[in-house]
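Participant: My questions all concern the structure below.
The values are calculated or read from the model by the stated rules, or taken from the named source; none is laboratory data. Treat the numbers as computed from the prediction; the structure is a model and nothing was measured. As a convention, Cβ positions derive from the backbone with ideal geometry for all residues, glycine included, and neighbour counts pool all protein chains shown.
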Amino acid sequence: MPGTRVHTLRSRNRRQTRNALLFISPWILGFLIFTLWPILYSGYLSLTDYDVLNDPNFVGLANYRELTQDPRVLLSLRNTLYYAALSVPLHVGIALLLALLLMRARRATGFFRTVFYLPNMTPPVAVGILLLLLFNGHNGLVNAVLGFFGIPGPDWTTDSTWIKPGLVLMSLWTLGGSTIILLAALNNVPRDLYDAALVDGASAWRRFRTVTVPMISGTLFFLVIVNTIAAMQSFTEAYTAYFGAGNTTYSNDAALFYVIYLFRQAFEYLNMGFASAMAWLLFAIILAITAIQYVVGRKLVFYEGEDGG
């Protein structure tokens, strides 16, 4: 009977849905308790004056008005945007270059994949300490190498002009993950497209520009968004190098990233309400940047199988 079959299918679907929800219930509970609730509660705290020791005192939008009046909020945001604008293109560009080189490694590809990814396993605190050792203006390894070629190295860790470029260069330590992702994307580019381009007499650069880049543009777009979000939340390396353990040896205004200032407001000055307002402002900024990237990406990104007309 058709009615009986439909009823059986509906019962089976309900049972499968119930079983699926049961299997993912630990994740759902974890998300509700440890993610969604803290997000919503921070929204409430952003409307209060709260120092952890006393009960929250509702102040409305006062914290958000204070954001516009605090010069260090603007300073930290400017530092963060500068860092993101410099680090993301370098990160993605060098990762693509390394992935292209790995394509030529053939049998040694597996070995070099491991070598490039290993730095990602380094704890961020260790990377912050390495930054001070490698970029020390007097006896650091980076300046020693530059001096070998007759190039006078700058004071990376004390000159405010070079602090952020030094942090950007140090961030390239962990581009192995992006390299592996791009290598996978390059391996998925159909070989017949390159063969057709060769038959048409296309040069290596033209093949790269008209075949490779369009076919991996979705992956590049993903990496730009992910690395932009990560750069906007940069914290550990800069904090360890310039703010950790009461560090007063180095000038740190140039390394005052937004999340560092947020952290200090919350856990050093106990201005939890103001820090929560900072967090929501950062969320709005990242959301706006991602939306702009998405709009631009829709015009530039090619997805295989989409209608070309």
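Participant: If you check 102, 77, 86, 97, which single one turns out to be surrounded by fewer than 15 Cβ atoms within 10 Å (Cβ to Cβ), at pLDDT 85 or above and of a type outside the set (Phe, Trp, Tyr)?
Facilitator: 97
Participant: Same structure, new question: Out of 198, 223, report the one residue that is in contact with a helix residue (DSSP H, G or I) (Cβ under 6 Å, 6 or more places away or on another chain), of a type in the set (A, V, I, L, M) and in a helix (DSSP H, G or I).
Facilitator: Criteria check complete, one pass: 223.
Participant: I need the full set of residues from segment 262-303 which are of a type in the set (Phe, Trp, Tyr) and in contact with an Asp or Glu (Cβ under 9 Å, 6 or more places away or on another chain), in order please.
Facilitator: Within segment 262-303, 269, 274 qualify.
Participant: Kindly indicate which of 11, 76 is assigned to a helix (DSSP H, G or I) and assigned by TED's automatic domain parsing to the domain that holds residue 277.
Facilitator: Within the list 11, 76, the selection yields 76.
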